[in-house]
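**Q** One structure, as structure tokens, below. Some questions next.
The values are calculated or read from the model by the stated rules, or taken from the named source; none is laboratory data. As the structure is a computational prediction, the values presented were derived from the model and not from experiment. Methodologically, a virtual Cβ is constructed for each residue, glycine included, from the backbone with ideal geometry; neighbour enumeration extends over all protein chains shown.
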Amino acid sequence: MSTFVNDTVNVMTRELKPVWREPMAVVFAMIQPLVFLGLFAPLLPDMATGGSALQWFVPGIVAMTALMGASFTGSSLMEEMQSGSHERQLVSPIGRPALLVGRALKEVVPMLMQVAIIVAVVTPFSFDLHLDGVLVAALLLSLFSVGVGALSFALALASKGQDWMFWTVQQTLLFPTLLTAGVLLPIDGAPRWLEVVSALNPMTYVVDATRVLFAGTYPSDVVAQGFAGAAVVAALGLVVGVRAMRRSS
Amino acid sequence: MTHHTHSDHSSPAIVTRGLTRHFTSRKQTVEAVQGLDLEIGQGELVAFLGPNGAGKSTTLRMLTTLIPPTSGTASVAGHDVVTGQKDVRRAIGFVGQGNGAGHRQLGRDELISQGRAYGLSHAESRERAAQLIEDLDLTAVADRKVSSLSGGQRRRLDIAMGLVHVPRVLFLDEPSTGLDPQNRANLQELVRRLHADSGSTVVLTTHYLEEADALADRVIVVDHGRMIADDSAARLKSGLGDLVRLGYDDPSSAARAAARLGRVPESRVDVDGDAVSLRVKDGSRMVGELLADLTADGVPPTRVEVARPTLDDVFLDLTGRSLRETQQAPSPDTDSTEINNEVAA
């Protein structure tokens, strides 16, 4: 067990080195969500309750950033599969699960940096910061990011270094996941089939919980469902990811 | 086929018995490695030589636990590659065809992380990294991003990565492919020095004849997934004999000379138009006597050439194909000449 922990920490430390060295890359990776924030949010009407549209929109953008960052992350493994350093690690005594888990856990760090940036950007505007809620939401999104990251690594391994396959699958799944989770527009009043799809999307619950937490409220059912949704993604990601890593050669 | 005996070494570094690997793609089965029986003693420096697709890398991938054998067994450093996977991994170093060091990382960071992967403490890893950086002449580039290093520097870093834990068996898969001649020569010198200093077993694959010839104590020639020769380069070549080529002004003289040469014991004579070639052991020593005989018989050659055998000749003799032809693309010069000729015609 301690070997697993040591290996995981080693893998995670290695993966984080480029993040610390080139922190600007983390900012570049979130240009798309920032564009949505800047160009989409002003179009939204203020909420019926009288609050700013940002109050509703920002948590969604935060969840979107987490999803995008973590779903891209498999491309780094793809690079290492093509260059040969993945093979080198497979021959080393590092356990296969640690190679996957260490990578997936690393996703938490750039995600937290991005959440901090978004919150810092919107707070001077008409956004009401509830720090305690944001911190709980960060915990929720960490769990979610680990799961999505693990799935992205599994996709990279399944693509066997073929870029087009990785990007096709990732891009095909990304926007339907975002839209049906109600990130950009509310799902309320949508056709029945869309409601069903939305209810089956675990990210829906993560986004709902992030919204209530960012508002500084703690309705226990919404928060619990959020953590349950994130836990499902994390468990699925880790199981699928570790299995893919064991098969990698 | 001759086999080495290793009476001076107690337990062999590598043993394979009927080692076989098949790949199935689109319902077609490719037998990449077929029934390899091999014994490599501790401290040997062995080269697997063969054309692309001969099964060299597949063999190496089985020996380094990357892929399991379809059938047969292999043990490395005393551990079975399937049941003792973890122990094999701890005992071996592996330098693959690509770059072991991640392109986004710094060389020194990768060496330290590699040390940690093999159970060294943080302090030990740092110390070992510093030592390897100095030994492999990487001081100027160790703290740069790996992607900014030249091909030769990256290769030295890859080798450093494979040496971090002082492996008992070091595998190098096509270590000099893609390097220019100067860097290739440097790399060969480095491998030779590492082998001499460490006493580790070194196993490499190559499709460069010169490399196998210059570097390895023992050359294992593989083709179509089978081992077709296993001996020192010198013995493989001397077994084949020298090639004496004689040129004539007309095919009839060549034919008469060939008839005379047919009397030379243990030789092989070929006639090609106005040229005769004789493959015979110690041909370079016999050539004076041969010329005197042919002159006495009234068929003195107009041109004489004696070539020592190369490993390519050995490969040609064993397979009927030249190793050079099977993989080396024609040089751009040859191409342009041909094009020019066509245009002129």
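**Q** Checking the conditions here, which among A:Leu67, A:Leu112, A:Leu77, A:Leu135 is away from chain B (no Cβ under 14 Å), buried (at least 18 other Cβ atoms within 10 Å of the Cβ) and touching a helix residue (DSSP H, G or I) at 6+ places or on another chain (Cβ under 9 Å)?
**A** Criteria check complete, one pass: A:Leu67.
Table: residues versus (1) outside the structural domain of B:Gly107 (by TED's automatic domain parsing); (2) more than 21 Å from B:Leu106 (Cα to Cα); (3) without any contact (Cβ under 8 Å) to a residue 12 or more places away in the chain; (4) out of contact with any Asp or Glu (no Cβ under 7 Å at 6 or more places or on another chain).
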site: B:Arg154; (1), (2), (3), (4): no, no, no, yes
site: B:Asp158; (1), (2), (3), (4): no, no, no, yes
site: B:Leu187; (1), (2), (3), (4): no, yes, no, yes
site: B:Leu190; (1), (2), (3), (4): no, yes, no, yes
site: B:Leu194; (1), (2), (3), (4): no, yes, no, yes
site: B:Ser198; (1), (2), (3), (4): no, yes, no, yes
site: B:Thr201; (1), (2), (3), (4): no, yes, no, no
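**Q** Tally up the residues in the range A:104-162 that are under 26 Å from A:Ala53 (Cβ atoms) and of a type outside the set (A, V, I, L, M, F, W, C), please.
**A** Number satisfying all stated conditions: 9.
**Q** Condition (residue is in contact (Cβ under 8 Å) with a residue 40 or more places away in the chain and β-branched (Val, Ile, Thr)) applied to the range B:231-245: is it met by at least one residue?
**A** Yes: the range B:231-245 contains one or more residues that are in contact (Cβ under 8 Å) with a residue 40 or more places away in the chain and β-branched (Val, Ile, Thr).
**Q** Sort out which residues of the range A:74-88 are assigned to a helix (DSSP H, G or I) and free of Cβ contacts under 8 Å to residues at least 12 places away in the same chain, and write them in order of number.
**A** The answer is A:Glu79, A:Glu80, A:Ser83, A:Ser85, A:Glu87, A:Arg88.
**Q** Just a yes or no: is a residue in the range B:211-220 part of a helix (DSSP H, G or I), more than 24 Å from B:His22 (Cα to Cα), without any contact (Cβ under 8 Å) to a residue 60 or more places away in the chain and in the same structural domain as B:Leu190 (by TED's automatic domain parsing)?
**A** Scanning the range B:211-220 turns up at least one residue that is part of a helix (DSSP H, G or I), more than 24 Å from B:His22 (Cα to Cα), without any contact (Cβ under 8 Å) to a residue 60 or more places away in the chain and in the same structural domain as B:Leu190 (by TED's automatic domain parsing).
**Q** Now for a separate question. Hand me the list of strands (runs of 3 or more DSSP E) wholly inside the range B:13-89 holding 1 or more residues that are surrounded by fewer than 16 Cβ atoms within 10 Å (Cβ to Cβ), of a type in the set (A, V, I, L, M, F, W, C) and away from chain A (no Cβ under 14 Å).
**A** Correct list: B:28-40.
**Q** What residue, of B:Gln131, B:Gln105, is over 27 Å from the mean Cα position of the chain (by Cα) and either closer than 18 Å to B:Val202 by Cβ or at the interface with chain A (Cβ under 8 Å from one of its Cβ atoms) (or both)?
**A** B:Gln105
**Q** Next up: Go through (1) more than 17 Å from B:Gly43 (Cα to Cα); (2) touching a helix residue (DSSP H, G or I) at 6+ places or on another chain (Cβ under 9 Å) for B:Gln131 and report which single condition fails.
**A** Only one criterion in (1) more than 17 Å from B:Gly43 (Cα to Cα); (2) touching a helix residue (DSSP H, G or I) at 6+ places or on another chain (Cβ under 9 Å) is unmet by B:Gln131, namely (2).
**Q** Inside the range B:62-97, can you point out the residues that are free of Cβ contacts under 8 Å to residues at least 12 places away in the same chain and out of contact with any strand residue (DSSP E or B) (no Cβ under 7 Å at 6 or more places or on another chain)?
**A** Matches in the range B:62-97: B:Leu66, B:Thr83, B:Gly84, B:Lys86.
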